[in-house]
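A quick write-up on the structure given underneath.
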Amino acid sequence: MSSLLIWALLWEIVGRTGATFFIPPLSEVFVTLFKIIGTPAFLAALSETAQAFLAGVFFSIAIGIPVGILMGKSRLLDELLLPWVNIFVSAPLTALVPVLMVLFGFGMTSIVITTTLFGIWIIILNTRAGVRQINRSLVEMAISFGATPMDAFVKIYFWAALPEILGGVRIGVIRAVKGVIIGQLLISIVGFGALFELYATNFLMSHFWAVLIVLFALAFSISEFLAFLERKVAYYAAKR
């Protein structure tokens, strides 16, 4: 909190000096924020961004966790998929946006796919790491009691790897925020992407920073909530 207050004070001082039009005073940014936050344009942009973001995060989790578990428990799948997962984790995914535009058009579908691509790979890697650290005696005990592969999948692998899974989801969500904004800026100028484009083009920097602060606050809140869940389930790691 002290760090945030110091940076806020520095921002206000730099803005008051008028050294650059790009950085208005922080107090002016907050005044602008309270002016625009209830307007129909802002609410519509927030709704469009939230829909694309939630859809992308849903697919990232729904696909990433099962794939990560399967890679962690199957050497064959791990050798087949791990190189591709590592490539997409390290690759500049923004370069794929034009390809997605050609394949899926300029609508919401491409934005959701872009968001998913930004978030899914780190979820797969963290889930895989969590499964590979599971004590094999847990799985052997489940099999000796007649557990089916689905029972082991749902009742052993998922819960034992949950701390790592939540860590991957937290990082994936942060990356998904970048994905949805990039999609809305490059694919279809809608949502917060449209507001950023409008305010930057017309040099309305206080409006620009106001929307950016809202975006940062949302991403930070989601990240902290998931970090809270991580701490709550940390005892699973000790139980392993």
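Observations on the structure shown:
- Being surrounded by 13 or more Cβ atoms within 10 Å (Cβ to Cβ) and either in contact (Cβ under 8 Å) with a residue 24 or more places away in the chain or out of contact with any helix residue (DSSP H, G or I) (no Cβ under 6 Å at 6 or more places or on another chain) (or both) holds for only one residue in G183, G146, and it is G183.
- Subset of segment 195-207 (residues that are assigned to a helix (DSSP H, G or I), open to solvent by 40 Å² or more (accessible area, probe 1.4 Å) and touching a residue at least 12 places away in the same chain (Cβ under 8 Å)): E197, H207
- Taken over segment 120-173, the criterion of being polar (S, T, N, Q) and not in a helix (DSSP H, G or I) is satisfied by Q133, N135, T148.
- Just one residue in the set T109, T115 is touching a residue at least 12 places away in the same chain (Cβ under 8 Å) and either part of a loop (DSSP other than H, G, I, E, B) or of a type outside the set (D, E) (or both); that residue is T115.
- Close pairs (6 angstrom Cβ cut-off, 6 or more residues apart or separate chains): farther than 9 Å from A210 by Cα in segment 12-37, open to solvent by 90 Å² or more (accessible area, probe 1.4 Å) and part of a helix (DSSP H, G or I) anywhere: P25/R16
- Some residue of segment 152-161 being over 22 Å from M71 (Cβ atoms) and modelled with pLDDT under 85: no
- Boolean, F192 is closer than 26 Å to S47 by Cβ and open to solvent by less than 30 Å² (accessible area, probe 1.4 Å): yes
- Listed by position, the helices (runs of 4 or more DSSP H) enclosed by segment 1-100 that each have at least 3 residues that are small (G, A, S) and surrounded by 13 or more Cβ atoms within 10 Å (Cβ to Cβ) are 40-73.
- Scope segment 101-116; condition of a type in the set (A, V, I, L, M) and buried (at least 19 other Cβ atoms within 10 Å of the Cβ); matching residues: M108, I111, V112, I113
The values are calculated or read from the model by the stated rules, or taken from the named source; none is laboratory data. Note that the structure is predicted; figures quoted are calculated from it, not measured. No Cβ is skipped: glycine too gets one built from the backbone with ideal geometry, and neighbour counts run over all protein chains shown. Ligands, DNA and RNA are excluded from the accessible area calculation, which covers all protein heavy atoms including side chains. Shrake-Rupley method; radii C 1.70, N 1.55, O 1.52, S 1.80 Å.
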